[in-house]
1. Taking a probe of 1.4 Å, how large is the accessible area per residue of segment 78-165, in Å²?
2. Just add up the charged neighbours of Leu166: K/R +1, D/E -1, any other residue whose Cβ is under 13 Å from the Cβ of Leu166.
3. Compute the signed sum of charges (Lys and Arg +1, Asp and Glu -1) over the other residues within less than 13 Å, Cβ to Cβ, of Ile4.
4. Tell me, what are the semi-axes, in whole angstrom and largest first, of the equivalent ellipsoid of segment 43-190 as set by the roots of 5 times the Cα gyration tensor eigenvalues?
5. Cα-Cα pairs above 11 Å in segment 95-142: how many percent?
6. Report the gain in length on full extension from Arg183 to Glu76: 0.36 nm times residue separation, minus Cα-Cα distance, nm rounded to one decimal.
7. What residues from segment 127-168 fall in the zone where the backbone N is under 15 Å from a label point 7 Å along the Cα-to-C-beta line of Glu34?
8. What part of the accessible area of segment 88-188, given as a whole %, is carbon or sulfur when the probe is 1.4 angstrom?
Amino acid sequence: MENIVVFSGSGMSAESGLSTFRDGNGLWNKYPIEEVATPEAWHKDKEKVLHFYRMRMENCLKANPNLAHHIIFKFEEKYNVQIVTQNIDNLHERAGSTNVLHLHGEIMKVRSCGTGITYPVNDNKYPSIGDYCPKGHQLRPDVVWFGEDVPKLLKGSEIIKNADILIIIGTSLQVYPAATLVRHTKEKCTVYVVDPNTIPKLDSHIHLKMNASEGLSKLKEELM
């Protein structure tokens, strides 16, 4: 059974109604990155950061997986499928996908500032100032902020190295170091890029200039 690896970015969830920060709309238009998505922002105004991610969680809960998410799950009938995503939403899982690596963390989890241990958000109740882990440390979003290390980068690279087919979808490959992962494919890996925009660094690959659902529908005809 061949290995399909899906490397997904925010364009994957755009059709589900979740805005991307590079489009400058939705929440990201009201809250500049440097005010809510950096370690400095956390140290300056923890309540503002928690409020922002509470809203992001609520938006994710209201969103539903789109056709592209469901097609990726369908691939599991014929392939070993693993997903390496830059997204913090859980739409891949809600569509049924079972092997998902979140490079930049998960919106439905929080992390202890002291121990680094993660915990699920219980009853969809996002933490506030004064909500602590069992060891007495403040809980923060389980999200990799700009300026922080990406701890799952090596694991993502190992997954992509084993791909027979790599599908890059909904990412401009401008977020580093995550964007470097696509360089780790083996020589005989077939690489598909699904994105309506031109991505110069990937011109040599098979580029479907379509949105996520259109591109995955076409790939489903070809691969299934």
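The values are calculated or read from the model by the stated rules, or taken from the named source; none is laboratory data. Just so you know, these numbers come straight off a predicted model, no measurement behind them. Cβ placement follows ideal geometry from the backbone for every residue including glycine, while neighbour counts extend to all protein chains displayed. Only protein heavy atoms, including side chains, enter the accessible area calculation; ligands, DNA and RNA are left aside. Shrake-Rupley method; radii C 1.70, N 1.55, O 1.52, S 1.80 Å.
1. Here the per-residue accessible area is 47 Å².
2. +1
3. Surrounding charge for Ile4 is -2.
4. 30, 18, 13
5. For segment 95-142, the fraction of Cα-Cα distances above 11 Å is 68 percent.
6. Contour length minus the Cα-Cα distance gives 36.1 nm.
7. 146-147
8. C and S fraction of accessible area: 49 percent.
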